[in-house]
Amino acid sequence: MRSGDAPPRKSRRQTRLGGTPIMPGIGIGPITFAEEPALPNPRQKIAASDIQAELRQFDDAAKQARKQLGKLKARLTTLPEEAQTEIAPLIEAHLHMLGSSRLMRAIQSAIEDRLVSAATAVIEVAEDQARTLLALRRGADDGAAAARQAEEVRDIGRRLLRNLTHLPFRSFSGLPQGGILVAEQLRPSDAALIDPAHFAGIATEEGSADSHTAVMLRAIGVPAALGIPGLLAAARPGSTAILDGESGAIILNPGQRGLAEAARLRTSFARAQRGLVRLRRLASETLDHVPIELQANLELPFELPMVAQSGATGIGLMRTEFLFMNRETVPDEDTQYTIYREAIEAMDGDPVTIRLLDWGSDKEAEALVASDAISVAREANPALGLRGIRLLLQNPKLLETQIAAVLRAAAFGPVRILVPMVSRISEIETVRHEVDRVWRRLRTRQTRLPALAPPIGIMVETPAAALNAAAFARHVAFFAIGTNDLTMYAMAADRALSDRTGLYDPLNPAVLRLIAMTVAAGENAGVSVSICGELASRPEAVPLLIGLGLRQFSMHGGAVLRVKRAVRATEATSCIGLAEAALTASGAKAVHALIAQTAIGS
């Protein structure tokens, strides 16, 4: 059944279905379905004289698809960085397939050689290529990757077919406000279009906790549960439902007693959220008075007020990529300086850690490409190519301009410089040399500067950086562990693989050992160590991370108070045993079980 079809009528008996919890919170409201008109399945032959007309229609549909994806790409700048990270590579992959790809050439050839309409060619070629990808699977890992690639090909086919047949896409804006959105599945591009204030909750029949869509839903903050078997068969449009985003359960047709209890829980959850506000005034320390420093990640300038009010004691990670997005020219030194200074002054004396531009050929910034600021050809494997500091060292003018802007802004408050994607000591030595050179140049010009140059640290997000942390500690002032990329590189798996294999999991003992190794190297050398990946924002992981020796966390502003609550409920000395058990566990599932047992025991 398609998510836009009306499910069959069922009795109004109360039904409870369980799924995977995604975003905590209680949603109460009528079931609502997002209409997505069923695609046609034409099988139409054409005359040879119609070939050019069909090719023009196909070309127009492809141009329209690229324009649609361009608009979606522009919308990403309004979403949190976690959401941008999830969907941006998917958009780029789709844009690539809509260019001079094997898929597009095969569709054109089908029109010309098999004399079929553009719509027929799209359907047949997309399905043929998807099946071919699935037939190539050789194991669980290959199968998961093949399934994802096949779905991307089919998704492009659906987009082209809708454009060819002028059928509307799924729309959320016209749905009744305050309902529980129910669907068979949501694609990440769907989640990117959802207004979080529009729905009381979101539930789907398919999906998993580590999928791209799940991260998107957590980022926008709507109570949500995915992977609920039998949901579409049981749900009726307009019938009342209760969604518990913390347990992953949905109750259909609840009785008055159930509604009253859900309302109480919703009020209790809201009260707990207000209680978090009171935590701002309390110290971030464990039950046995071990201080834990909580800082915020800053993704976009409009988040500054939220960060300033979150209870964070500084910005542990200020991403600078937004400066280069949706621009036709590279931001000059003065433009960057103004933005950095605004963030520093907003923190009123709390430290700000500014990460140098972390860009790569898997992403596109119009300003960088249009101005020839970068000279990087498309790479076969961008994740292993010129990313972060590698790209900056290949483009020294870009690096010099950013360092100059940061040094000038550092005159207005404490600043640290964070270098991304480091894997060799020579890279940090080159950056330090460049900082010294720019510092001398600015001093010669009598530019206002701080008394001392900002300390320099590295992102520990490659296994090489973690394994060689003891050596790096002799060259840097601090480490910032980025668990998202560290997990990807350590497990040789991106997040999409977790749908079927569970490979991508920062709680895998292999990843935890890299974290522990980095912490130990920092402690031995007197180098501070923070954790700034998504794992830092999980309250349930706090005891484990404290047990591993971490005392500095950086996360999105909305998670600071929840993590502080977990910190204040934890005894640091009792966490050591948990960490030791996790480091020797058989796998990520065992670590999850250890964390759950610790929570139950507390």
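The values are calculated or read from the model by the stated rules, or taken from the named source; none is laboratory data. On a predicted model such as this, the values are computed, not experimentally measured, just so you know. Every residue, glycine as well, gets a Cβ built from its backbone with ideal geometry; the counts of neighbours run over all protein chains shown. Ligands, DNA and RNA are excluded from the accessible area calculation, which covers all protein heavy atoms including side chains. Shrake-Rupley method; radii C 1.70, N 1.55, O 1.52, S 1.80 Å.
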Those residues that are farther than 19 Å from residue 294 by Cα, without any contact (Cβ under 8 Å) to a residue 60 or more places away in the chain, hydrophobic (A, V, I, L, M, F, W, C) and crowded, with 22+ Cβ neighbours inside 10 Å, I need them from region 502-527; list them, please. 511, 514, 521
Selection count, region 446-489, where residues are assigned to a helix (DSSP H, G or I), of a type in the set (A, V, I, L, M) and open to solvent by less than 20 Å² (accessible area, probe 1.4 Å): 5
Answer with yes or no whether residue 160 is in a loop (DSSP other than H, G, I, E, B), aliphatic (A, V, I, L, M) and more than 18 Å from residue 13 (Cα to Cα). no
(1) within 21 Å of residue 317 (Cα to Cα); (2) assigned to a loop (DSSP other than H, G, I, E, B); (3) out of contact with any Ser or Thr (no Cβ under 9 Å at 6 or more places or on another chain): which one isn't true of residue 550, the others all being true? (3)
Among the residues of region 311-329, is there at least one that is at pLDDT 90 or above, within 28 Å of residue 476 (Cβ to Cβ), outside any strand (DSSP E or B) and more than 27 Å from the chain's Cα centre (by Cα)? no
Condition first: open to solvent by 50 Å² or more (accessible area, probe 1.4 Å), under 29 Å from residue 568 (Cβ atoms) and without any contact (Cβ under 8 Å) to a residue 60 or more places away in the chain. Now tell me which residues in region 256-282 satisfy that. 261, 264, 267, 271, 273, 274, 278, 281
Among (1) surrounded by fewer than 20 Cβ atoms within 10 Å (Cβ to Cβ); (2) modelled with pLDDT of 95 or more; (3) of a type in the set (A, V, I, L, M, F, W, C), the one test that residue 492 misses: (2)
Any idea how many residues of region 579-594 are in a helix (DSSP H, G or I) and either open to solvent by less than 20 Å² (accessible area, probe 1.4 Å) or acidic (Asp, Glu) (or both)? 5
Inside region 569-602, can you point out the residues that are polar (S, T, N, Q) and within 18 Å of residue 490 (Cβ to Cβ)? 584, 586
Evaluate the following for residue 297: is it closer than 17 Å to residue 558 by Cα, surrounded by 18 or more Cβ atoms within 10 Å (Cβ to Cβ) and either modelled with pLDDT of 85 or more or more than 31 Å from the chain's Cα centre (by Cα) (or both)? yes
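How many residues, within region 391-449, are at positive phi and under 29 Å from the mean Cα position of the chain (by Cα)?
Counting residues in region 391-449 that are at positive phi and under 29 Å from the mean Cα position of the chain (by Cα) gives 1.
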Kindly indicate the residue of region 528-549 that is buried (at least 20 other Cβ atoms within 10 Å of the Cβ) and over 23 Å from the mean Cα position of the chain (by Cα) and also farthest from residue 479 (Cα to Cα) among those meeting that condition. 543
Of those in region 44-76 that are of a type in the set (S, T, N, Q) and either within 21 Å of residue 169 (Cβ to Cβ) or open to solvent by less than 30 Å² (accessible area, probe 1.4 Å) (or both), the residue modelled with the lowest pLDDT is 68
First in region 97-110 and touching a residue at least 12 places away in the same chain (Cβ under 8 Å), second anywhere and outside any helix (DSSP H, G or I) and surrounded by 15 or more Cβ atoms within 10 Å (Cβ to Cβ), Cβ under 9 Å, 6 or more apart: 104/98; 110/116
It is to be established whether one or more residues within region 396-407 are touching a strand residue (DSSP E or B) at 6+ places or on another chain (Cβ under 9 Å), of a type outside the set (Val, Ile, Thr), assigned to a loop (DSSP other than H, G, I, E, B) and buried (at least 21 other Cβ atoms within 10 Å of the Cβ). no
Answer with yes or no whether residue 571 is over 19 Å from residue 23 (Cβ atoms) and touching a residue at least 12 places away in the same chain (Cβ under 8 Å). yes
Can you list the helices (runs of 4 or more DSSP H) lying wholly within region 186-255 that have 3 or more residues being β-branched (Val, Ile, Thr) and open to solvent by less than 40 Å² (accessible area, probe 1.4 Å)? 212-220
Residue pairs within 7 Å by beta carbon, gap of at least six or interchain, first lying in region 537-566 and within 15 Å of residue 286 (Cα to Cα) and at pLDDT 90 or above, second buried (at least 20 other Cβ atoms within 10 Å of the Cβ) and aromatic (Phe, Trp, Tyr), listed first then second, are 563/553
